[in-house]
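Report on the structure given below.
The values are calculated or read from the model by the stated rules, or taken from the named source; none is laboratory data. Quick caveat, the model's predicted, so the values are computed rather than measured. No Cβ is skipped: glycine too gets one built from the backbone with ideal geometry, and neighbour counts run over all protein chains shown. Remember, those area values only see protein heavy atoms, side chains included, never the ligands or the DNA or RNA. Shrake-Rupley method; radii C 1.70, N 1.55, O 1.52, S 1.80 Å.
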Amino acid sequence: MIQISSFIFNFDIFIKRLIKISLTISIICGIVQLLNYMFVGDDANFFERIVWHDFYEETDNIDNLFLGSSHVYCNIDPSLLDELNGQNNFNLSTGSQNFMGSYYALKEAVKRHNISYVYLEMYYDVSTGKEGVFKDPANLYRSWYNTDNMEPSLNKLDYMLTAFEKENYLETFLPFIRCREKLFDIGYIDARLRHKKEQNYLEFTCLRTGENNEITEYRDKGYSYSTENIETQDLCWAKNKVLNRSPLTEDAKLYLEKIIEFCLENKIEIILFSSPIYELQLISVDNYDDYVTEINEIADKYDVPYLDFNLCKEEDFPIQNTDNFRDIGHLNHQGAQMFTKYFWKTIDKKDKSSFCKSYKEKLNSSKRKVYGLIYLDDGKKRKYEIATNRESEMEYQVKFSPESNIPAIIIKDYSKEKVFEMESNDHGIFEITVKLPECQDVFQVLKIEY
């Protein structure tokens, strides 16, 4: 009897301690949730909050999963794809999503759905240079976009422990710590709380209207609808990157192969693709073909398809018109409808006949055109280069005016030379006139306000 009574007594103590521990953990979690609610805004990651909520609310099986950065959620319309292929398509893409983010998003999706196809977007900028070093402090926000909005799970825990160094654990597991300088800023707290009472926040929706009544709206299944267009100031683009042979970082290559291997092990078909970018940005990238070559080598290694829609012949896929883009890197709704249809037509028919073998070949096969200006700035001088799809087949005249009501002056007269310099603080309106050397007829005039 004494032993039984002692056991009951000890068990009673154990239960009481367990209850106290559980209550303590619950209170701490409640305080953390309250602090996150008070301090952490979704100004930067409002789209990610909605798309992850949309994903967890999806009750129908997802057949085709699209992964990648904003080049997916701006350019692929899943609802249109539903009509085209009769399946359920979903964009689980997030802003600047790198291959590590895609890997953990894929694992999250496979837990809940019987995925048949994965379409992984190959945006070069998130897998090369400093952006391709996933744990670089400047890139942490890319993972926070996901970890802040994923539901608790072992997959999420693994993601958090893998994506961040130990010194970043505190602000990863306790997001309000990122706002520590605002802890006593009553105005900031009030603005956050008022924002979280707004209809868009409460209903997981987003509708934004610009100065010219253009709209950007979250639509179902991870699609960002937009009626925006490229503006003239967008056509002056800072030089992007120099991509050398084997430009993929070690992080990018590791997780790209992990994604492919995960799909093959789980008998999921995977297709790699690159969304169309306005030519000005890609021309600013030195040796883009080196990136295409390396992706092709990895695709060949695993015997999976890779389709770079930036290599499509202009006559087959005439997307390179500013009316189809919301900005230099992303399509608007008109462009997304055009691309989504062409994307599925290409996938469905398995037809790569319209693809050039290289980006250089694609440029030379297109009609002669100037897309804008690329520049490098050293703080004193700004070196401009006219962005064109030809090396030497055109002549250019450049005029400049500091204001629209001031007559323009010629700063570079007709010649094949594409480079000129200005002071770094000079801003105004450029007018580029283009003609062929063998005739005097002007075939393009491009005005750029900058």
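Average the reciprocal distances over every distinct pair of alpha-carbons in region 162-251, invert the result, and give the Kirkwood radius in Å.
Details: mean 1/r = 0.0545 Å⁻¹.
Answer for region 162-251: a Kirkwood hydrodynamic radius of 18.3 Å.
Please give, to one decimal in nm, the separation of the simple spin-label points placed at Glu151 and Asn200, each 7 Å out from Cα toward the Cβ.
2.7 nm
Dividing the Cα convex hull volume of region 13-73 by residue count, how many Å³ per residue is that? Intermediate values should be presented prior to the final figure.
Values: hull volume 8.7 nm³, N = 61.
Cα-based convex hull of region 13-73, divided per residue, equals 143 Å³.
Could you state the orientation-averaged shadow area of the convex hull built on the Cα atoms of region 183-302, in nm² to one decimal?
Projected area, direction-averaged: 12.9 nm².
Calculated FRET efficiency, Tyr169 and Glu391, Cβ-Cβ r, R0 56 Å, to nearest 0.05? List each step's numbers first, then the result.
On the way: r = 51 Å, r/R0 = 0.91.
With R0 = 56 Å, the Cβ-Cβ based efficiency is 0.65.
When the accessible area of region 266-341 is computed with all protein chains present and a 1.4 Å probe, what percentage of it is carbon and sulfur? Could the numbers behind the result be given before it?
Details: 1040 of 2590 Å².
C and S fraction of accessible area: 40 percent.
Divide, for region 292-347, the radius of gyration over alpha carbons by 2.2 N^0.38 Å, where N is the residue count. Please report the intermediate quantities before stating the final value.
Details: Rg = 13.2 Å, N = 56, 2.2 N^0.38 = 10.2 Å.
Here the answer is 1.30, to two decimals.
Would you work out if region 226-296 is rounded, prolate or oblate? Take a ≥ b ≥ c from the square roots of the eigenvalues of the alpha-carbon gyration tensor; rounded if a/c is under 1.5, else prolate when a/b is larger than b/c, oblate otherwise. Mind showing how you got there, number by number?
On the way: a/c = 3.20, a/b = 1.66, b/c = 1.92.
Taking the square roots of the gyration eigenvalues as a ≥ b ≥ c, region 226-296 is oblate.
With a 1.4 Å probe and every protein chain left in place, tell me how much accessible area Ile347 has, in Å² to the nearest 10.
Here the accessible area works out near 20 Å².
How large are Rg and Dmax for the chain when calculated on the C-alpha trace, in angstrom?
Final numbers for Rg and Dmax: 26.0, 112 Å.
Report the full-extension gain for the segment Glu421 to Ile215: residue separation times 0.36 nm, less the Cα-Cα distance, to one decimal in nm. Don't skip to the end; give the middle numbers.
Numbers: separation 206, 0.36 × 206 = 74.16 nm, distance 3.66 nm.
Extending this stretch completely gives an extra 70.5 nm.
Classify region 275-369 as rounded, prolate or oblate, taking a ≥ b ≥ c as the square roots of the eigenvalues of its Cα gyration tensor: rounded when a/c is under 1.5, otherwise prolate if a/b is larger than b/c and oblate if not. If you can, show how the numbers build up before the last one.
Working: a/c = 1.64, a/b = 1.21, b/c = 1.36.
Because a/c hits 1.5 or more and a/b fails to exceed b/c, region 275-369 counts as oblate.
Tell me, what % of the accessible area of region 67-120 is carbon and sulfur with a 1.4 angstrom probe? Write down the numbers at each step before the final one.
Details: 500 of 1280 Å².
Solvent-exposed carbon and sulfur of region 67-120 make up 39 percent of the total.
Which helices pass in the chain if a helix is a full DSSP H run, must span at least 27 angstrom along its long axis by Cα, and must have mean Kyte-Doolittle hydropathy not below -1.0? Before the final figure, lay out the partial values.
On the way: long enough: 2-39 (55 Å, 1.37).
Span-like helices in the chain: 2-39.
For region 322-401, what size does the Cα cloud have along each of its three principal axes, sorted from largest down, in whole Å?
Largest to smallest, the principal-axis extents are 51, 28, 22 Å.
Given 0.36 nm per residue, what is the gain on full extension from Asn296 to Glu83 after removing their alpha carbon distance, in nm? Write out the running numbers ahead of the final one.
Working: separation 213, 0.36 × 213 = 76.68 nm, distance 3.04 nm.
Between Asn296 and Glu83, full extension yields an extra 73.6 nm.
What residue among Ile410, Ile268, Ile76 shows peak mean-square fluctuation when the chain is described by a Gaussian network model with Cα springs under 10 Å?
Greatest mean-square fluctuation among the candidates belongs to Ile410.
Can you give me the relative contact order of the chain as a percent, contacts being Cα pairs under 8 Å and 6 or more apart? Intermediate results must be reported in sequence, preceding the final value.
Values: 761 pairs, mean separation 68.2, N = 450.
Worked out over the chain, it gives 15 percent.
Heavy-atom accessible area per residue, the chain, 1.4 Å probe: how many Å²? Working shown, then result.
Values: 22420 Å² over 450 residues.
On a per-residue basis, 50 Å².
For a paramagnetic label modelled at 7 Å from the Cα of Asn36 toward its Cβ, which residues of region 156-176 fall within the zone defined by backbone nitrogen distances under 11 Å?
Answer for region 156-176: 172-176.
Using a cut-off of 12 Å between beta-carbons, work out the net charge of the residues near Ser70 (Lys and Arg +1, Asp and Glu -1, Ser70 not included).
Numbers: positive: Arg142, Arg326; negative: Glu48, Glu121, Asp125, Asp327.
Result for the local shell: -2.
Over region 157-287, what is the mean sequence separation of C-alpha contacts under 8 Å (at least six apart), divided by residue count, expressed as relative contact order in percent?
In percent, rounded to a whole number, it is 14.
Report the Stokes-Einstein translational diffusion coefficient (µm² s⁻¹, integer) for region 77-221, Rh taken as the Kirkwood radius over Cα pairs, at 25 °C with viscosity 0.890 mPa s. Show your work: numbers first, answer last.
On the way: Rh = 18.0 Å.
It diffuses with D of about 136 µm²/s by this estimate.
So what does Asp63 come to for accessible area, using a 1.4 Å probe and Å² rounded to 10?
40 Å²
Using a 7 Å offset from the Cα along the Cα-to-Cβ direction at both Ser401 and Cys29, what is the distance between the two label points in nm, to one decimal?
6.5 nm
Among Leu34, Leu23, Leu81, determine the one that fluctuates most according to a GNM of the chain built with springs between C-alpha atoms less than 10 Å apart.
Taking springs between Cα atoms under 10 Å, the residue moving most is Leu23.
May I ask you to rank Ser366, Ser392 by accessible area, largest first, using a 1.4 Å probe over the protein chains only?
On the way: Ser366 5, Ser392 65 Å².
Ranking Ser366, Ser392 by accessible area, largest first, yields Ser392, Ser366.
Got the relative contact order for region 87-190 handy, in percent, Cα pairs under 8 Å and 6 or more residues apart? Before the final figure, lay out each step's value.
Numbers: 58 pairs, mean separation 25.9, N = 104.
Here the relative contact order equals 25 percent.
Can you pull the Rg over Rh of region 1-153, Cα-only, Kirkwood? Display every interim value, and only then the final one.
Numbers: Rg = 21.9 Å, Rh = 18.4 Å.
Radius of gyration relative to Kirkwood radius: 1.19.
Ignoring ligands, DNA and RNA, what percent of the accessible area of region 139-182 is carbon or sulfur (1.4 Å)? Let's see the in-between values first.
On the way: 1280 of 2200 Å².
Carbon and sulfur together cover 58 percent of it.
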